[in-house]
Amino acid sequence: MQGGIPAWEPLSAEVLADQRGSHDRMRAACPVAQSPRGVTLFRHADVLAAASDPVTFSSAASTFRQIPNSLDGPEHAAYRALIDGFFTPQRMGALEPRIRACAHALMAALPRGTLIDAVTDIGYPFAIRAQADWLGWQGVEVELLAWLADSHEATRSADRSRTDAAAAAFDDIVAAQIRRRRALGAAAPRDPTAELLDVRICGRPLTDAEVVSILRNWTAGDLGSIAASLGVAIHFLAAHPDIQSALRAAPGELAPAIDEMLRIDDPFLVNRRVVTATTRVAGFTLAAGTRVYLNWASANRDERVFGDPDAYQPREHARHNLVYGAGVHVCPGRPLATLELVVAVEALLRGTSRIVLAPGESLERETYPSGGWRRVPILLS
Ligand code: HEM
C-alpha cells in the first residue's frame, strides 16, 4: 500500500453490486483509495484539481496512443484545435434537423402499453443511428449494433483476447469507411469522416492510423455514453413523474435538466492519469508513475459541493457539474452529446403522454467500466 492510502477493490462483487452507493461510502470514509490498478480520487476538489493540472497528471496512461485522449501538452493542443472544429455551434445547428428526424422516427415506432427497455430499445438504436447519420456511415447500423453488444460482453468478461478482438473488429468497420471515401476521391460525400481525410496537422494530412484513432474515440466510446445517458435520463423521468410533467411543459429546460440527471447518476465513471512527479493529494503522497483514476461519478455526488447528492437542482448545480470532465481534456463532443440527448428526450416526451417504470419488472444496473443502467423496463402511453 502506497503512503498509507486505504485499499479498495472496484471490481469486487460487493462494489459492482452497488457502484454508486460504494462511491458514496468511500468518499465519506477516505478521499483516495488504492486498488492493484491505481489510486482513485473520490472528492470533487481533488478530481477537479487533478484534471486541471495536466503537467502533474498526464493523460499518457494507456498502452496505446489515443488521439487526443492519451496526448499531453502542445501535441494534445494541436489535435484538440483540429477536433474542436467539428463541434461548432454552426455545425451542430446544421445537423439538428437530421438528428431530430432520426429521433422522431425511432420514438414513433416504439410500441405503446407494451414492456420496452429504455436502454436496448431506445438508447442503443438512437445512439447508433444518430452517430452514423452524423458521420455519414449509412448502412452500418446493424453491424454497429452487433459490435456494441459484442464489445459490451467482451468488456464484462475482462478477457483481454476478447477486448482486443472487439477493438480490432471496430477498427475494421472504421477502415472500411475510410477506404470507401478514398476510393470515391472528390466524389466522396462531405461528411465528417471524409473531412478528416482532408484536414492537416503540422502541415501534413492525418495518417490512416490517426483517422482511425480519432473516429474510434468519437464512436466506440461515445455510442455507449449516449446510450447509457439516455437510459439514465429516461429512468429519472419515469421515477420522478413531477419532474417529467414539468419538462413536458417546458422542453426548453431539457439541456440543464439532463446534465443534472447525469450528475446524480453519472454513466461515465472514470478516466485515467499517470503522475509525472511526486505530488500530494488530500494529504497523501503519490509517487511519480502512480496510476490515478479520476472518479467523475463520485465527484459529481460530493456532499461538500452539492449538499444532498440526489437533490435535483439543475441551475444551481450546473457550475460544478463534472459529467463532461474538466481541464484541457474536457469533452469536445459535449455539444453533440447535448444535442442528441435533448432531441431524443424531447421527441420521446412529445410522442407520449406518460412514461412509467413497468410494474413488477426489475431494473438492472450497469457495471464497471460504465455506470447507469443495463436495463430500464418502462411502459409508454
Ligand atoms: C453523454 C455523453 C458523453 C459523456 C458523459 C462524455 C464524457 C467525457 C469526459 C468526462 C471526458 C474527459 C476525459 C478525460 O478527462 O480524460 C471526455 C473526453 C472526450 N470525449 Fe466525451 N463524453 C460524451 C460524449 C462524447 C461524444 C458524443 C464525443 C464525440 C463524438 C466525445 C468525444 C470525446 C473525446 C474525443 C474526448 C477526449 C478529449 C481529450 O482528450 O482532449 N464525447 N468525454
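The values are calculated or read from the model by the stated rules, or taken from the named source; none is laboratory data. All figures in this text were calculated on a predicted structure; none of them were measured in a lab. Surface accessibility is based on the protein's heavy atoms, side chains included, excluding ligands, DNA and RNA. Shrake-Rupley method; radii C 1.70, N 1.55, O 1.52, S 1.80 Å.
Numbers for the structure displayed
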quantity: Per residue value of the accessible surface for the chain (all protein chains in place, 1.4 Å probe), Å²; calculated: 43 Å²
quantity: Solvent-accessible area of C30 with every protein chain in place, 1.4 Å probe, in Å² to the nearest 10; calculated: 10 Å²
quantity: Of all DSSP beta bridges in the chain, antiparallel share, percent nearest 5; calculated: 85 percent
quantity: Accessible area of L145 in the full protein assembly, 1.4 Å probe (Å², nearest 10); calculated: 80 Å²
quantity: Mean Kyte hydropathy of -0.5 or more with a Cα span along the axis of at least 18 Å, helices from DSSP in the chain; calculated: 89-109, 141-157, 160-184, 208-239, 334-350
quantity: Tensor-based shape of segment 98-195 (alpha-carbon gyration tensor, a/c under 1.5 rounded, otherwise prolate or oblate); calculated: oblate
quantity: Residue of A344, A78, A227 that the Gaussian network model of the chain assigns the largest fluctuation, springs spanning Cα pairs under 10 Å; calculated: A78
quantity: Percentage of interatomic Cα-Cα distances in the chain larger than 25 Å; calculated: 57 percent
